[in-house]
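The block underneath contains the structure these notes are about, expressed in structure tokens.
The values are calculated or read from the model by the stated rules, or taken from the named source; none is laboratory data. In this text the structure is predicted, and so the values were computed from the model without any measurement. Every residue, glycine as well, gets a Cβ built from its backbone with ideal geometry; the counts of neighbours run over all protein chains shown. To get the accessible areas, we keep the full protein, side chains included, count just its heavy atoms, and leave off ligands, DNA and RNA. Shrake-Rupley method; radii C 1.70, N 1.55, O 1.52, S 1.80 Å.
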Amino acid sequence: MIITSNEKIWRYVLMIGLSLVLLIPLIVGVWVSLLPNNAILTGHYFTSQFTIDNYIQAITATPILRYLLNSLLVSAIVMVGQVVFSVLAAYAFVFIPFKGKQIIFYAFIGTMMLPFESQLIPNFQTLRWLGILNNYAALAIPFFASAFGTFLLRQTFMQVPLALKESAAIEGVGHFRFLYHAVIPYAKTSLFTLAAYSFLTTWNMYLWPLITSYSDNVRTAQIGLRQLQATEAVNSWGLIMASAILIMVPSLVVLLLSQRAFKSGLLDGAVK
């Protein structure tokens with residue numbers, strides 16, 4: 001199929017238009033966060049009087065930095081936990097023979113059909129029984145086991161020839177050494193994808209941190225932002241919008257870095 005120059009132009013126009021539509025909320029948010037509060041309250045949105053006072057006030061007068069640190073810690077812990085446990089589970093399902101492997105795998109994957117809300121009460125009761133509510137552990141541990149991550153990595157690991165594993169076993173190479181030197185380098189792209197997905201999903205989580213954290217020491221950014229919106233006066237919308245932009249920046253950075261790593265992984269695979 002040959003694409004003419006006119007078709008290319010229209011495609012680029014369409015993509016630019018769709019990109020602008022998607023960026024409008026971000027542009028409006030940044031614009032409002034740079035306006036003084038009196039301009040926001042009086043409706044003078046198109047003004048040349050821009051200020052960073054909202055950002056300064058958000059950093060100095062609110063615990064937004066603490067919320068960001070909590071979200072970073074919880075998201076990083078969940079990301080590492082999901083990657084490690086998914087790698088080990090996927091490796092076992094592919095390279096280690098044991099009875100009932102397929103049945104266990106399908107039962108494990110079947111948990112993806114359960115809505116998260118159905119797990120709230122059992123998980124909450126378990127953590128309360130363990131006495132670890134309002135703790136980083138309560139926010140992270142329930143998400144270490146990921147059916148999606150295990151399925152994703154299993155599909156990638158299945159592309160590694162079993163003959164290679166048999167040859168490694170004959171040479172005396174153990175499971176962990178084979179996993180580290182042969183399997184993980186082959187699955188770099190899938191690992192980057194899972195890590196980015198895990199981080200962003202945890203970063204944007206709202207319901208679980210809402211019911212398991214009740215102090216600023218462990219409260220995450222999403223809950224903290226809602227707390228600021230509930231406690232601040234009506235004339236502080238600039239402060240709230242500046243806080244929202246600050247909370248959004250880390251997720252954008254992770255998304256851009258993961259896309260770069262994802263593309264690098266694809267290029268490395270193409271070269272190989």
From zero outward in steps of 10 Å, how is the percent of C-alpha pairs of the chain spread across the bins? 6, 21, 25, 23, 16, 7, 2, 0
Take each of the peptides 89-100, 147-158, average the number of other beta-carbon atoms within 10 Å over its residues, and list them starting from the highest. 147-158, 89-100
Relative contact order (percent, whole number), the chain, Cα cutoff 8 Å, 6+ residue spacing: 33
Can you give the charge dipole size of the chain about its Cα centre, rounded to the nearest 20 debye, using +1 on the beta carbon of Lys and Arg and -1 on the beta carbon of Asp and Glu? 580
What does the charge dipole of segment 84-181 about its Cα centre add up to, to the nearest 20 debye, if the Cβ of each Lys and Arg holds +1 and the Cβ of each Asp and Glu holds -1? 120
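Quick one: length gained pulling T126 to R177 fully straight, 0.36 nm per residue minus the C-alpha distance?
14.8 nm is the gain from fully extending T126 to R177.
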Residue by residue through segment 198-210, the couplings from Karplus 6.51 cos²θ - 1.76 cosθ + 1.60 with θ = phi - 60°, in Hz, x for Gly and Pro, are 5, 4, 5, 5, 5, 4, 8, 5, 10, 5, 5, x, 5
Additional length obtainable on full extension of the chain from A76 to L256, 0.36 nm per residue less Cα span: 63.2 nm
In a Gaussian network model of the chain with springs linking alpha carbons closer than 10 Å, the residue among L179, L130, L69 that fluctuates most is L130
Under the Karplus relation with 6.51, -1.76 and 1.60 and θ = phi - 60°, whole-Hz ³J(HN,Hα) for segment 94-105, x at Gly and Pro, equal 9, 10, 10, x, 7, 5, x, 4, 5, 5, 5, 5
Non-local amide H neighbours of T220 (under 5 Å, H modeled in plane, Pro and chain starts lacking H): which ones? none
GNM, the chain, Cα, under 10 Å: largest mean-square fluctuation among S190, S33, S19? S19
What 222 nm value per residue comes from the helices of the chain, counting each DSSP H run with n ≥ 4 as -39,500 (n - 2.57) and dividing by all residues, nearest 500 deg cm²/dmol? -23000 deg cm²/dmol
On the protein heavy atoms, probe 1.4 angstrom, tell me the percent of accessible surface of the chain carried by carbon and sulfur. 70
Distance from the Cα centre of segment 16-68 to that of segment 167-214, in angstrom? 36
Take every Cα-Cα distance within segment 7-58, group them into 10 Å bins from 0 onward, and report for each bin the whole-number percent of pairs it holds. 23, 35, 22, 15, 5
Quick calc: nm separation of the 7 Å Cα→Cβ label points for V28 and Y214 -> 3.6
